[in-house]
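Readers should treat all values here as calculations from the given coordinates under stated rules, not as data from a laboratory. Please read these numbers as outputs of a predicted model, since none were measured by experiment. So basically every Cβ, Gly included, is an ideal-geometry build from the backbone, and we count neighbours across all protein chains shown.
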Amino acid sequence: MSIELKVPPVGESITEVMIGDWLQAEGAWVAEDAPVVVVESDKVNMEVPAPKGGILTQILKKSGEMATIGEVIGYLEEAERPGAPAGAPAAQAAAPAAPAPTPAADEPRVTPAARRVLAEHGLKADQVAASGPGSRVLKEDVLRHVEQPLPRLPRPRRRRPRPRPPVAGAPRRSA
């Protein structure tokens, strides 16, 4: 029986999310309550768990695409874990899910809204000063960076040549 993977409600006023990383590939077996996909909104990043153990048969929305709350983004076919003994509950046979990939230590953390504004302006996260918790780049940081006038280079000062003291024994110039 096919089970719909739907975008869960993520906040009172939020109606749309961006599909983040799919943590499971099409055709992969997924344990019940294991994270399948990350959905991102202006306010929160959230992992969507598998409602039942089974095989992820179809991904309808790719990473980076927008989806509305309640929209079907994929299908899961309920099934026992391959290689599990007959009659054994799927929960017992399930191995712990791999943790979500974390960004490299030198890679700045960016909120979904900030990532969208960065892409709109063709910027990279390391070009923007982060002010969020844990040195996270916020949407406001990107907007502040974009709205800043370009730094003005100081104008070189024209220096007047200083008169040199006369050298003893040198002939004087006449004007």
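Quick rundown of the values:
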| quantity | calculated |
| --- | --- |
| Relative packing of peptides 158-164, 1-7 - highest average C-beta neighbours within 10 Å first | 1-7, 158-164 |
| Mean Cβ count within 10 Å, highest first, over the residues of peptides 129-141, 34-46 | 34-46, 129-141 |
| Highest-first arrangement of 11-21, 52-62, 107-117, where packing means the average Cβ count within 10 Å | 107-117, 52-62, 11-21 |
| Label-point gap, in nm, between K52 and I3 - each point 7 angstrom along Cα→Cβ | 0.6 |
| Amide H contacts under 5 Å for L23, placed H, 5+ residues apart | V37, V38 |
| Compactness of region 1-67, expressed as Rg and Dmax over alpha-carbon positions, Å | 11.7, 34 |
